[in-house]
Amino acid sequence: MNILVAEDNIINQKLIFNILKNFKTDVTFASNGQEAVKLFKKQHYDLILMDIEMPIMSGIEASSVIIAYEKEQKRTHTPIIALTANRLQKDKEKYLKNGMDGYLEKPLQVNNLKSTLQKYFLPQKSKTELKNSNILLYKDTKISGKIYKAILTNLGYKVDIANSEDEFKREISTKKYKFALFDAKALSSMKIEESQNSIIDLIKKSGATPFAFTEEKKYKRYCQTIKERSNAQELEKILTRA
């Protein structure tokens with residue numbers, strides 16, 4: 001496993017190296033975004049850990065250049081994980097919108113990094129099994145739907161987005177899905193409870209497992225729930241247990 005780490009702080013470089021050496025990885029460090037781009041163009045990497053705040057060229061700028069280069073050269077995309085001290089959800093969403101595949105909060109935690117490595121380097125059999133797991137997704141806004149689709153796609157799932165209640169009902173009734181993830185608020189005009197002709201009944205009749213995006217405890221009586229703004233690790237854990 002060959003990993004490129006873009007990090008300008010020497011202390012953080014040593015910390016990251018000490019963590020990664022336990023995972024049998026080859027690590028190359030870049031001290032800024034511009035250097036990371038140069039290294040990427042010279043050699044193949046399996047994963048990039050990209051600090052956001054760096055001199056000369058920021059992590060977001062470097063990621064944009066790398067992604068454009070991949071498209072130009074028709075290279076397979078290398079996952080880019082943001083390393084950030086920013087804890088605001090809007091900042092994390094910005095990284096995903098700019099083409100990055102995920103994020104890890106600084107200071108880096110061993111378990112979080114381990115989960116990221118496992119996500120991108122699962123055994124081939126597990127990846128194949130995930131790709132056969134289709135998901136129907138319905139969120140209250142298109143932006144939110146696209147963000148969750150990106151996260152789930154990176155986890156290995158095939159994701160269809162429904163843009164309305166009617167489309168959600170039509171898709172779940174006519175296609176085969178393993179999971180149906182829906183926004184409880186967006187489907188507020190439909191019956192949620194597990195009774196005849198409810199949305200839960202419709203999903204279960206299709207053979208899919210229902211998940212509601214909500215923090216209201218009452219929905220746990222009818223289906224499994226997912227907290228709003230769940231990250232990739234949380235989603236993976238919830239779906240794997242289902």
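What is the extension gain from Glu167 to Gln109, computed as 0.36 nm multiplied by their sequence separation minus the C-alpha to C-alpha distance, in nm to one decimal?
Full extension from Glu167 to Gln109 adds 16.8 nm.
Want the number for Gln43 to Phe23: 0.36 nm per residue separation, take away the alpha-carbon distance, what's left?
Numbers: separation 20, 0.36 × 20 = 7.20 nm, distance 2.05 nm.
Gain on stretching Gln43 to Phe23: 5.1 nm.
What does the extension gain come out to for Met1 and Asp201, with contour length at 0.36 nm per residue minus their alpha carbon separation? Working shown, then result.
Details: separation 200, 0.36 × 200 = 72.00 nm, distance 4.48 nm.
So the extension gain works out to 67.5 nm.
What list do you get for Thr141, Thr84, Thr25 if you sort them by fewest beta carbons within 10 Å?
Numbers: Thr141 10, Thr84 20, Thr25 17.
In order of increasing Cβ crowding within 10 Å: Thr141, Thr25, Thr84.
Cross-link list Lys97/Lys146; Lys176/Lys227; Lys74/Lys158: which exceed 19 angstrom alpha carbon to alpha carbon? Please list the in-between numbers first.
Numbers: Lys97/Lys146 9 Å; Lys176/Lys227 25 Å; Lys74/Lys158 22 Å.
Pairs exceeding the cut-off: Lys176/Lys227; Lys74/Lys158.
Hey, if you put +1 on the Cβ of every Lys and Arg and -1 on every Asp and Glu Cβ in the range 2-120, which of Ile60, Val37, Gly99 ends up farthest toward the positive end of that dipole?
Gly99
Normalised by the residues of the chain, what does the relative contact order come to in percent, with Cα pairs under 8 Å and at least six apart?
Values: 378 pairs, mean separation 28.6, N = 242.
12 percent.
What's the center-to-center distance, using Cα atoms, between the range 12-40 and the range 144-187 in Å?
36
At 10 °C and 1.306 mPa s, grab the translational diffusion coefficient of the range 1-150 from Stokes-Einstein with a Kirkwood Rh over Cα pairs, rounded to a whole number in µm² per second. List each step's numbers first, then the result.
Values: Rh = 16.2 Å.
D, rounded to a whole number, is 98 µm²/s.
To one decimal place, what orientation-averaged projected area in nm² is obtained for the convex hull of the Cα set of the range 63-127? Don't jump to the answer; show the numbers that get you there.
On the way: hull surface 21.3 nm².
Quarter of the Cα hull surface area: 5.3 nm².
None of the figures in this text is laboratory data; all of them are computed from the coordinates on show. Since the structure is predicted, the reported quantities are computational estimates derived from the model, not experimental observations. With ideal geometry, Cβ positions are generated from the backbone for all residues, glycine too; neighbour counts draw on all protein chains shown.
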